[in-house]
1. Give the stretch 77-118 a look and list any residue that's aliphatic (A, V, I, L, M) and within 15 Å of GLY26 (Cβ to Cβ), or say none.
2. Which condition number in (1) modelled with pLDDT of 80 or more; (2) closer than 26 Å to TYR52 by Cβ is the one that LEU74 fails?
3. Tally up the residues in the stretch 80-118 that are within 20 Å of ILE40 (Cα to Cα) and surrounded by fewer than 16 Cβ atoms within 10 Å (Cβ to Cβ), please.
4. Within the stretch 24-44, count every residue that is under 10 Å from the mean Cα position of the chain (by Cα), under 11 Å from VAL68 (Cβ atoms) and surrounded by fewer than 17 Cβ atoms within 10 Å (Cβ to Cβ).
Amino acid sequence: MDALYSLVFNPSIKYKLWLNGGFTIGFFILFIGTFLGTFIYYVVVGKNTRKYAHLKSWLFSLFSTMIVVFLLSLTMLGFIVFQVPDFESIPIDIWIFSLWNSTLYAIVFFFLFSLIFRQFKGNNRSVPIGSRK
């Protein structure tokens, strides 16, 4: 896990705590959050209506997933792993990690999950890439 995150993030505080739980919890939040966001867009919404089968709705779903991953990463790492008492006490490293986790990696995982979920017979299978024939 630390190899994935060490490409863009190098914590300056409590490195052992990051290795023992921070990176794992951050990746778990990223994986579950992007999986659920993509699942909801393609399987739940895409099965019921064609109304949201365009790039604008896909980008909205991606953006919503990014916000959820950011907030969950920030709060769970800050309050559970590092046990800070309030938002003002959350170290800048957790803010930066949450930002990277919710932008770069969430976009990559959301796109990869999109390639998987678009295979299901739903109305959204041509988003974000055109339909295959």
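1. Here is the first cut: in the stretch 77-118, the ones aliphatic (A, V, I, L, M) are 77, 80-81, 84, 90, 92, 94, 96, 99, 104, 106-108, 112, 115-116.
Listed by number, the residues that qualify are LEU77, ILE80, VAL81, ILE90, ILE94, ILE96, LEU99, LEU104, ALA106, VAL108.
2. (2)
3. 7
4. Qualifying residue count for the region: 2.
The values are calculated or read from the model by the stated rules, or taken from the named source; none is laboratory data. Predicted model, so just to flag it, every value in this text is computed and none were measured. Glycine also receives a Cβ, built like all others from the backbone with ideal geometry; neighbour counts cover every protein chain displayed.
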